[in-house]
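One structure is given here, and the rest of the page talks about it.
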Amino acid sequence: MLPIFLMLLAAVAEFGLYFYTYTTLSKATRVAARYITSKPYNPNNPDNANNTIAQAKKLAVCGRTDLCSAGSEIISGFTTSNVSITTTGGDEFFPETITVQISGYNYSPLFDLSGFVGGQSWQNVSVAPSTTMRYLLTN
């Protein structure tokens, strides 16, 4: 009975950690999308557009727009290269929507529970939440 109980306990803990990782990254995409949709967007002025996008990426990764150094990430191993920001619709100054997506981030489980039941190994599971928001500033 004890081995079954321990395996169930490990499975619940593993699911909880994965769910925590997914929801934390999902919240990070929402915060970054909210930040970038409330700022002037001018793709013809690279300093403005790139600065806003860079700040939004830092906000997603570290929770701050100014400093984002190794060790200050909201989740270990999460970097600004995992965050992509795209615009759709509208014109060059006022896009209709902004999408912030996490890509290339993998969750590494603590336990390989599949080894206990003879299944495939469950390692490096992709976590890829995204948020699309309407651009708030209008023409």
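For this structure, a couple of remarks:
- Extension gain for residue 34 to residue 84 (0.36 nm times residue separation, less C-alpha to C-alpha distance): 16.6 nm.
- The simple Förster model, with R0 at 30 Å and r as the Cβ-Cβ distance, assigns residue 69 and residue 103 a FRET efficiency of 0.85.
- Additional length obtainable on full extension of the chain from residue 19 to residue 124, 0.36 nm per residue less Cα span: 36.4 nm
Each value in this text was obtained by applying a stated rule to the coordinates, not by laboratory testing. The structure presented is a predicted model; accordingly, all values stated were derived computationally and were not measured. FYI the Cβ positions are ideal-geometry reconstructions off the backbone, even for glycines, and counts take in every protein chain you see.
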